[in-house]
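Down below is the structure, laid out as structure tokens.
Just so it is clear, none of the values below were taken in a lab; they were calculated from the coordinates. Small disclaimer: the values here were computed from a predicted structure and weren't measured. Glycine also receives a Cβ, built like all others from the backbone with ideal geometry; neighbour counts cover every protein chain displayed.
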């Protein structure tokens, strides 16, 4: 049996859709860590549904909740793992993104704690006006671990680059030393 001929235009459309969907997922994660509301919202269609378990609502309600919650922490680091995207139509797709998230928190005495959360995002994506964004997102938590933390490395190495938020991160300022 002969293989079907390659439809290069369809393949390019499929690859471009996957690239744009992956970019939306990455903007979401970066928006969380940098506490960048505009970047976070750019991952969603304005009428999207977001269910993170602790709240359900539209992207603006989610941004208020998430950035308020994460903004009270000392730092966060969200990491995307495998991402599976299934095209369900010319302008629709669904996917599952694995994640791990580190949260630098303090206990009631002010001592550092390391909070790790891992799970998956179950997503529906749509393309509107040429843009792929998240239309529906549910967060599934698979495991959580919390441990005493240490920030000794930063105290012992003040010259080491450290992540920042609210537009002050090196990746945003690109303040190269001379």
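Here the helices (runs of 4 or more DSSP H) wholly within the range 1-114 that include at least 3 residues being farther than 30 Å from residue 145 by Cβ and either touching a residue at least 40 places away in the same chain (Cβ under 8 Å) or touching a strand residue (DSSP E or B) at 6+ places or on another chain (Cβ under 7 Å) (or both) are 8-34. Residues that are assigned to a strand (DSSP E or B), within 29 Å of residue 45 (Cβ to Cβ) and in contact with a helix residue (DSSP H, G or I) (Cβ under 8 Å, 6 or more places away or on another chain) are absent from the range 144-167 altogether. Going through 159, 172 one at a time, which residue ends up being more than 30 Å from residue 90 (Cα to Cα) and in contact (Cβ under 8 Å) with a residue 24 or more places away in the chain? That would be 172, the only listed residue that is more than 30 Å from residue 90 (Cα to Cα) and in contact (Cβ under 8 Å) with a residue 24 or more places away in the chain.
In the range 73-103, of all residues being over 17 Å from the mean Cα position of the chain (by Cα) and surrounded by 12 or more Cβ atoms within 10 Å (Cβ to Cβ), the one that is farthest from residue 45 (Cα to Cα) corresponds to 74. Just one of the listed residues (113, 133, 137) is in contact with a helix residue (DSSP H, G or I) (Cβ under 8 Å, 6 or more places away or on another chain), surrounded by 12 or more Cβ atoms within 10 Å (Cβ to Cβ) and under 30 Å from residue 57 (Cα atoms), and it is 133.
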